[in-house]
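Working notes, beginning with the structure itself.
The values are calculated or read from the model by the stated rules, or taken from the named source; none is laboratory data. For clarity, every value in this text was computed on a predicted model and none was experimentally measured. For neighbour counting, all protein chains shown are included, and Cβ atoms are generated from backbone atoms with ideal geometry for every residue, glycine included. Accessible surface is based on the protein model in full, side chains and every heavy atom, while ligands, DNA and RNA are left aside. Shrake-Rupley method; radii C 1.70, N 1.55, O 1.52, S 1.80 Å.
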Protein chains: 2
Amino acid sequence: MTALGLIAGGGALPRAVAQAARASGRDVFVVALIGSVTDDWVQSFPHEYLSPGEPGRVIKALTGAGAREVLLCGRVDRPRFNEMKLDAKGVLLLPRAIAAAKQGDDALLRFIVGICEDAGFTAVSVAQAAPALVCGEGVLGKVSPGDDDRADIATAFRIVRALGALDVGQGAVVCDGLVLAVEAAEGTDAMLGRVPSLRESLRGTAAKPRGVLAKALKSTQDAKTDMPVVGVETVRNAHAAHLSGIALEAGKSLVLDRAAVAAEADRLGLFVIGMTL
Amino acid sequence: MTALGLIAGGGALPRAVAQAARASGRDVFVVALIGSVTDDWVQSFPHEYLSPGEPGRVIKALTGAGAREVLLCGRVDRPRFNEMKLDAKGVLLLPRAIAAAKQGDDALLRFIVGICEDAGFTAVSVAQAAPALVCGEGVLGKVSPGDDDRADIATAFRIVRALGALDVGQGAVVCDGLVLAVEAAEGTDAMLGRVPSLRESLRGTAAKPRGVLAKALKSTQDAKTDMPVVGVETVRNAHAAHLSGIALEAGKSLVLDRAAVAAEADRLGLFVIGMTL
C-alpha cells in the first residue's frame, strides 16, 4: 500500500485519521496547513507545513513522500489571501481559490482536493483511509436509550433527513417530541450550546436529562469530505445541554477515539448509539 | 357588535390587538394575566388583573363586561403553580393545567381558551378581532427586494414550509442560497441574534447587508393562536443580523404597528414584504 498523503486542517479529525491509518500499518505523510493546524500532533509524523496558497509545493511534497492517495480533512478557516504565502501555481490559481472560499469551507476544500486530483492523485475518503473511525451499529458505551429516547431519536432523524435533503444541516435536538434546536451554519456545538437557554419546561435539567442529539449525513453531501463527526467534546456538550444521549447514522458518521467517547459517555451517563436509517 | 374579551399575555401583540379593535369601533375588555403583562398599557382599557389560576373569575369578568367573543394572545410564561392565585374552578382544573403547561406555551394557551369555550364564549383569532394587523401583499416601506434577495426569499420560504410541515419552526435565514439559521424552540429574535457570530464570509456585514429572514405559518399551527408576528423590534434585529430584509406570508402573519415598521425599515434600509405562497 502506498503512503497516505494527509492534507490536515484544524480540529481533532486529522490527527485521528493519521493515527488510525498508521495503526492499520500504513505510512502517512502530513501536509499541515499553516494557520489551520495549531497544535503539534504532526511532529510525530513525517510532515511539512505549507500554506493553502502553495499548491505547487503541496503536490511536490506529497509526490516526494511517495503518496498516491490524498485526503484533505479538518477545519480550514478562510485564508487571509493578502497575507498568504503563494508559490507560482498558487498565484495562477488564486482567483479561483478566492471565488471558492467565498462559497464557504466546503467549496474551498473541494477546490484544493480538485487541484490534487488534477495532478494525478486519487482522493480518498476518511472512511477509506481510516475505516476504524466509521461509526458502527449499536451503543458505544454501557448506557442504552430508553423508549422515550427512541421516540425522540426517530423524530430527530426524520427532521435531520428532511433538513439534509434541503441542504440545511446535519443535526437536530429533540426532547419529548419537540424540536428544540436545528443545526444550520452555526455547527453542532453552537446548537447544543443554546439548549440550556430554552425554557426549562421544554428541556432536560442537570437533575433529569432529557432529549437527544441526532446527526446524519446530508443527502446533498459528499461522504468523502463531509461526514458528521462526534468526539469526546460532543459528548461533553450534549451533557451540558442536559440531553440523554447522541444518535448517529451508522456507516455514515465518524467517531473520534471510540474508547474515549465510550468512557466519557459512561462517566456522564449518556448513550451514544449508531443506527442504520 | 359585542365587546371583545381580550385575555392578554406579555409582549407587544395584545396591546396592538386591543388598539386595533378599539380603532375599528369596538369595545374591548382586557383580562391582564398576572405575571405575564408587565407594562401598563392596559390602564387605557377597562381591565382586570387576574391569575391564570382563576378561570372562574376570568369568566365572570368577561361576562360582566358583556364580552361574547374572547381572544387570548401574547406570551404566557409557564406559571409557578405553587405560587399562583387559585379560585375554586382553578383548583379543580389545576392538574390538567399543569399537564398542559408541561407541553409548552401553545398547549397551555389552548387549554385556557378551551375553558372559555366550555363556558360558552366564542374564541376568535387575531385576524378576526384585528384584521388591520394582518400582513397584506407587497412591500411595507420604500425598499424592495433585489433579484438576489428574491432568490433567497424563495429558498427561505421553501425551508420554512418544509420545517413547518415537520412542526419545527416558523422562520429561517438564508443568505446567497445558504441556510444560515433555522428557528426551532428558541424563537425568531434568538435565531437572528446568532447570525453575526457566523463566519463573516457567509453573511452580510454592516457595510454590506445580505440575506433574508422569512416567516410563515406552520402547516401544523392554528391560525387562531399562532400566526407569525413581526414588529419594529424584528426589523431592528434583522438589521443587527446584517440582513437585507424580511419576507412574510401574506394573509397568515401579523405586522404590529405597520406605520412604525415601515418607517423603521426605511430608516435602516431593509425591505419588509408580504408574499402569497
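Which one of these is of a type outside the set (Asp, Glu) and open to solvent by less than 40 Å² (accessible area, probe 1.4 Å): B:Leu178, B:Leu277, B:Leu166? The match here is B:Leu166. Considering only residues in segment A:188-202 that are farther than 19 Å from B:Thr188 by Cβ and either within 9 Å of chain B (Cβ to nearest Cβ) or of a type in the set (Asp, Glu) (or both), the one that is farthest from the chain's Cα centre (by Cα) turns out to be A:Ser201.
Say whether the condition of being over 21 Å from the mean Cα position of the chain (by Cα) and over 30 Å from A:Leu180 (Cβ atoms) is met by at least one residue in segment B:96-104.
No.
When segment B:152-172 is limited to residues that are of a type in the set (Val, Ile, Thr) and either facing another protein chain (nearest Cβ under 8 Å) or in contact with a Lys or Arg (Cβ under 8 Å, 6 or more places away or on another chain) (or both), the one that is farthest from B:Ser244 (Cα to Cα) turns out to be B:Val168.
Let's see how each residue does on (1) under 18 Å from the mean Cα position of the chain (by Cα); (2) small (Gly, Ala, Ser); (3) at pLDDT below 95:
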site	(1), (2), (3)
A:Asp118	no, no, yes
A:Lys142	no, no, no
A:Arg161	yes, no, yes
A:Gly164	yes, yes, yes
A:Val168	yes, no, yes
A:Asp176	no, no, yes
A:Ala181	no, yes, no
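Any residue at all in segment B:134-146 that is in contact with a strand residue (DSSP E or B) (Cβ under 8 Å, 6 or more places away or on another chain), more than 7 Å from chain A (Cβ to nearest Cβ) and of a type in the set (D, E, K, R)?
Yes - at least one qualifying residue is present in segment B:134-146.
Residues of segment A:244-262 being outside any strand (DSSP E or B), under 20 Å from A:Pro14 (Cβ atoms) and touching a helix residue (DSSP H, G or I) at 6+ places or on another chain (Cβ under 7 Å), which ones? The answer is A:Leu256, A:Asp257, A:Ala260, A:Val261.
Please verify whether segment B:238-248 includes one or more residues that are open to solvent by 10 Å² or more (accessible area, probe 1.4 Å) and under 29 Å from B:Ala23 (Cβ atoms).
Yes, segment B:238-248 has at least one match.
Across segment B:203-221, the number of residues qualifying as surrounded by fewer than 13 Cβ atoms within 10 Å (Cβ to Cβ), in contact with an Asp or Glu (Cβ under 6 Å, 6 or more places away or on another chain) and away from chain A (no Cβ under 12 Å) comes to 0. Among the residues of segment B:244-261, at least one is over 18 Å from the mean Cα position of the chain (by Cα) and either over 18 Å from B:Lys142 (Cβ atoms) or away from chain A (no Cβ under 14 Å) (or both).
In segment A:144-160, the residues that are within 15 Å of B:Leu163 (Cβ to Cβ) form Cβ pairs under 8 Å with partners that are among the charged types (D, E, K, R) and surrounded by 22 or more Cβ atoms within 10 Å (Cβ to Cβ), at six or more places apart or across chains, as follows: A:Val160/A:Lys215. Note on segment B:173-187: among residues that are more than 13 Å from B:Ala216 (Cβ to Cβ) and among the charged types (D, E, K, R), the one that is nearest to the other protein chains (Cβ to nearest Cβ) is B:Glu186. Checking each residue in segment A:185-201 for being closer than 29 Å to B:Arg199 by Cβ and open to solvent by 10 Å² or more (accessible area, probe 1.4 Å) picks out A:Ala185, A:Glu186, A:Gly187, A:Thr188, A:Asp189, A:Ala190, A:Gly193, A:Arg194, A:Pro196, A:Ser197, A:Leu198. Taken as a whole, the condition of being among the β-branched types (Val, Ile, Thr) and open to solvent by 80 Å² or more (accessible area, probe 1.4 Å) does not apply to A:Thr122.
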